[in-house]
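Each remark here refers to the structure printed beneath this line.
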Amino acid sequence: MSEENVLFAKQSDTPPAEEIPAEIQSEKYLICVSDSLLYGIVAEQVVEIQNSYAATYLPMMPDYILGIFNMRGQIIPIMDIRLRLGKLPAEEGILIVIDYNNNQLGIQVDSVDLMLDIPNDSIVPIPSQSAQKLVSGMCTLPDGSGTMLVLDCEQLIARGYGD
């Protein structure tokens with residue numbers, strides 16, 4: 001191997017994350033809509049999006065837990081994000097399966113909008129303490145089309161079955 005090829009093989013087009021200035025670091029978010037609010041879920045935590053699914057009701061669960069469903073042999077609980085956030089339920093929705101530390105949860109939303117790169121420095125804390133239980137931040141979307149609330153998947157799973 002010539003010296004030129006060795007040098008080329010060692011070089012990378014993208015600098016490591018530590019070398020990228022903080023103002024241009026970003027993360028991909030799946031933007032979804034529920035009760036006319038925009039929510040963002042870190043794309044790395046999204047396992048699957050399903051348009052149709054059958055939930056099996058479970059007794060003695062909070063009202064925002066719609067039940068469970070079988071996803072290729074794995075039992076996944078389903079949370080209606082509208083009910084979890086104190087809104088009125090929707091008749092039907094789309095299911096987003098998320099994974100956080102090998103714990104999976106299905107979140108029913110009204111619709112899935114798009115995938116966006118959001119600069120990390122554009123996300124600011126939520127002003128209300130009560131909303132911080134399930135939402136870790138918010139930002140104005142890069143195209144100015146609205147404000148996105150960042151769903152905290154860790155808290156959704158940790159608090160999924162109670163406050």
Residue in the range 104-152 that is farthest from G67 (Cα to Cα), counting only those that are at pLDDT 90 or above, surrounded by 14 or more Cβ atoms within 10 Å (Cβ to Cβ) and of a type in the set (D, E): D113
Elements of type strands (runs of 3 or more DSSP E) contained in the range 68-109, each with 1 or more residues being free of Cβ contacts under 8 Å to residues at least 24 places away in the same chain, under 19 Å from V42 (Cα atoms) and not aliphatic (A, V, I, L, M): none
I49 out of contact with any Gly (no Cβ under 7 Å at 6 or more places or on another chain) and either open to solvent by less than 70 Å² (accessible area, probe 1.4 Å) or closer than 20 Å to Q25 by Cα (or both): no
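The values are calculated or read from the model by the stated rules, or taken from the named source; none is laboratory data. Everything numeric here is computed off the predicted structure, so don't read it as measured data. In this analysis, Cβ positions are derived from the backbone assuming ideal geometry, glycine residues included, and neighbour counts consider all displayed protein chains. Just the protein is used for accessible areas: all its heavy atoms, side chains included, with ligands, DNA and RNA removed. Shrake-Rupley method; radii C 1.70, N 1.55, O 1.52, S 1.80 Å.
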